[in-house]
Amino acid sequence: MNRRKFIQRASFGTMGAIVASGLYSWQLEPFWLEFVHKKMPIRNLPKSLEGKNIMQISDIHVGNRFDYKFIIDSFKKAQSLEPDIVVYTGDFVSYENEKQHDQLEQVLEHTVIGRIGTLGILGNHDYGRQWSELKVADRITTQLESAGISMLRNDHLVIDGLNIIGLDDYWGPFFYPERAMRHYNKGQANLVLCHNPDVCDLDVWNDYQGWILSGHTHGGQCKPPFLPAPMLPVANKNFSSGEIDLMDGRTLYINRALGHLWQVRFNVRPEITIFELESLT
């Protein structure tokens, strides 16, 4: 083979690889759901909850940017697992206009409900344009609660002895973390829901010890192998995805998101997380 033919074939091969990678990132991985299973040891966990599970669903982003039938299909798969507790950690919509309320209503006909309880918090996109429209957030909250999701906005709810605290969104106009963390009781079993993991670096935690479930980052959506994700919407670039020991008694888990801001993913599959509860002695 002469040099010219070699270069031509190499060029065609490279072009083919680029096209294949593009199609994979656009049409395959964004819809390749992964159920991630983790252990969740919790101090003071009631015996009645040992062995039960918590399913985390985050960032479904219902809107115009991808075919949200994928969310409905994913919800049906999640329902078949019959979770005990379901928590939603924000960004239910990618809000552009009133149409998203109707789209969300279609998806909520298939809401994943826990056998023991179902809770949620809002994310920045649930506050509409520039994360500032309280009326949008209030209407979404009403829709979610009508679908059976107990929404926590700087509040808490005790489910079978597990005290679940929900912070409102960090970038939104209703972020009052001190109000939420007043509900922390170290003598109880506790869990915190917090959409944006950057809140973990704020001095608002009231000496909290335990797990924090968040979303927001989508794991960057595209991540080169062996390299950090190049685009993360957080100040702390260590907050990408997965389990992170904050080295002070808190354990952060960042869900990679079920939906997408844009229909493209590479090396960051959409995720639903299932935590098995166990007692921490």
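What follows draws every value from the coordinates through simple rules; no lab data is involved. Values in this document were obtained by computation on a predicted structure and should not be read as measured data. Note: ideal-geometry Cβ built from the backbone for every residue, glycine included; neighbour counts use all protein chains shown.
Only helical DSSP H runs with n ≥ 4 go in: add -39500 (n - 2.57) per run for the chain, normalise by residue count and round the 222 nm mean residue ellipticity to 500 deg cm²/dmol.
Values: 5 runs with 60 residues, N = 281.
After summing the helix terms and dividing by the residues of the chain, the value is -6500 deg cm²/dmol.
Would you mind telling me which residue in Leu28, Leu261, Leu246 has the biggest mean-square fluctuation in a Gaussian network model of the chain, where springs connect alpha carbons within a distance under 10 angstrom?
Answer for the Gaussian network model of the chain: Leu246.
How far apart, in nanometres, would the label points at Asp207 and Ser132 be if each is projected 7 angstrom from Cα along the Cα-to-Cβ direction?
Between Asp207 and Ser132, the simple spin-label model gives 3.9 nm.
Using the count of nearby Cβ atoms within 10 Å as a rough guide to exposure, how do Tyr88, Tyr95 rank from fewest to most? All intermediate terms of the calculation are to be shown ahead of the outcome.
Working: Tyr88 29, Tyr95 25.
Ordered from fewest to most neighbouring Cβ atoms within 10 Å, Tyr88, Tyr95 come out as Tyr95, Tyr88.
Which three extents, in angstrom, do the Cα atoms of region 150-281 have along their principal axes, listed largest first?
Between the extreme Cα coordinates on each principal axis of region 150-281 lie 43, 36, 29 Å.
Using a Förster distance of 41 angstrom, determine the FRET efficiency expected from the C-beta separation of Tyr176 and Gln27, and round it to 0.05. Intermediate results must be reported in sequence, preceding the final value.
Values: r = 42 Å, r/R0 = 1.03.
That pair, Tyr176 with Gln27, gives E of 0.45.
Taking the Cα centre of region 171-254 as origin, sum charge times position over the Cβ atoms of Lys and Arg (+1) and Asp and Glu (-1), and report the length of that vector in debye to the nearest 20. Write down the numbers at each step before the final one.
On the way: 6 positive and 8 negative charges, 39 e Å.
Dipole size: approximately 180 debye.
With the cut-off at 1.5 for a/c, could you classify region 33-280 from its C-alpha gyration tensor as rounded, prolate or oblate? Please list the in-between numbers first.
On the way: a/c = 1.29, a/b = 1.23, b/c = 1.05.
Rounded, since a/c falls under 1.5.
Which residue, His260, His216, His195, has the most motion in a Gaussian network model of the chain that connects Cα atoms within less than 10 Å?
Residue with maximal mean-square fluctuation among His260, His216, His195: His260.
Given H placed on each backbone N at 1.01 Å, which residues far from Ile116 in sequence or on other chains put an amide H within less than 5 Å of it?
Hits under the 5 Å cutoff: Ile85.
If you place +1 on the Cβ of every Lys and Arg, -1 on the Cβ of every Asp and Glu, and leave all else neutral, what size is the dipole of the chain about its Cα centre, to the nearest 20 Debye? Intermediate results must be reported in sequence, preceding the final value.
Working: 28 positive and 33 negative charges, 274 e Å.
Dipole of the chain, to the nearest 20 debye: 1320 debye.
List the residue ranges in the chain for DSSP H helices whose C-alpha atoms run 24 angstrom or more along the long axis and whose Kyte-Doolittle average is 0.0 or above.
Details: long enough: 3-23 (30 Å, 0.26).
Helices passing the filter in the chain: 3-23.
Just how far, in whole angstrom, is region 41-100 from region 252-281 if you go by their alpha carbon centroids?
10
Under 13 Å from the Cβ of Glu133, count the other residues' Cβ atoms, weight Lys and Arg +1, Asp and Glu -1, and hand me the total.
Net charge in that neighbourhood comes out at -2.
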